[in-house]
1. From the set of residues in region 191-208 that are of a type in the set (Asp, Glu) and surrounded by fewer than 12 Cβ atoms within 10 Å (Cβ to Cβ), which is farthest from the ligand (Cβ to nearest atom)?
2. With respect to LEU229, is the statement that it is more than 16 Å from the ligand (Cβ to nearest atom), surrounded by 20 or more Cβ atoms within 10 Å (Cβ to Cβ) and within 15 Å of the chain's Cα centre (by Cα) true?
3. Based on this model, can you work out whether ALA72 counts as open to solvent by 70 Å² or more (accessible area, probe 1.4 Å), of a type in the set (A, V, I, L, M) and either within 16 Å of the ligand (Cβ to nearest atom) or without any contact (Cβ under 8 Å) to a residue 60 or more places away in the chain (or both)?
4. Which residue, of SER188, SER235, SER173, SER211, is near the ligand (Cβ under 10 Å from one of its atoms) and assigned to a helix (DSSP H, G or I)?
5. Would you mind finding the one in ILE168, ILE132 that is more than 11 Å from GLY210 (Cβ to Cβ), of a type outside the set (Phe, Trp, Tyr) and touching an Asp or Glu at 6+ places or on another chain (Cβ under 7 Å)?
6. Need at least 3 residues that are touching a Pro at 6+ places or on another chain (Cβ under 7 Å) per element, so show me which helices (runs of 4 or more DSSP H) inside region 5-120 make the cut, counting only ones lying wholly within it.
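The values are calculated or read from the model by the stated rules, or taken from the named source; none is laboratory data. Nothing here was measured: the structure is a model prediction, and the numbers come from that model. Neighbour counts run over all protein chains shown; Cβ positions are idealised from the backbone, glycine included. Keep in mind that these areas ignore ligands, DNA and RNA; they rest on the heavy atoms of the full protein, side chains included. Shrake-Rupley method; radii C 1.70, N 1.55, O 1.52, S 1.80 Å.
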Amino acid sequence: MKYVVANWKMNLGVRESIALARGVLRAIQGHDQLPQIVVCPSATALSEVHKLLTRSHVLLGAQNAGPDKSGAFTGEIGLSQLDEVGCTFVIVGHSERRVHFHETDAVVAERLRAVVSAGLTPILCVGEPKDIRDSGKETAYVLRQLSSALADLKLSRNQKLLVAYEPIWAIGSGTPAALKDVLVMHESIRKFLQEDLHLSDERFAVLYGGSIEGKNAYQFLRESEVDGLLVGGASLKINEFTKILEAACDVVEAQASV
Ligand code: 13P
């Protein structure tokens, strides 16, 4: 199984989101073997995009979620509200949330637990800033983010955890991290999930994100260490995103024929 997750960030209005979602549905027409595709529009567009995706192979995700309670939390969107508009995935702890909105490790852990207890599938983002990469301490940094976020997490029997490794310096830079460095990091994340969290392989997936485009998607997706991609900028341009989806379909078709 491979995942292609589109994070549209704070870029599109409702009409533009619907048009892009239509483009995604057109792009996968005629493909028998598909990756798991998830689109994450802005909160204002979730409901309308969900209507369009009903009975398709494309699932809906939110870019963030508030606490698991309802009540006096002005400006937050709760899990039951996301569930109501058809979200099955939620991005948690994206670096833009951590950097611009000061979401601490403790907040990320709390939100992750809330997503899991609401029965949705979390996409937990981790990744180091440039100075940490330059100091060679990126693995320790990412594993610390993981262990903090995953402390006390209880996945239910059928629930899956998606972890997206997104080195901050690669996001929106036009240059993804080197494949060999991504593979090393994914292996460390995988080992951590298996050995420290005792999760079996089918309970989690490790995705890469950061300047993925049509021209580089295949080289990441064909690696068994890369369970999928979390795509920002290129997911906003349907021609570019179509190339990424085609690369994913090629890999999934090749896997199915083995
Ligand atoms: P880009 O694909 O624009 O680098 O963004 C990656 C990202 O932040 C996805 O969550």
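1. Looking at the filtered set, the residue picked out is GLU195.
2. When the stated conditions are applied, LEU229 does not pass them.
3. yes
4. Within the list SER188, SER235, SER173, SER211, the selection yields SER235.
5. From the options ILE168, ILE132, the qualifying one is ILE132.
6. Answer list for region 5-120: 105-117.
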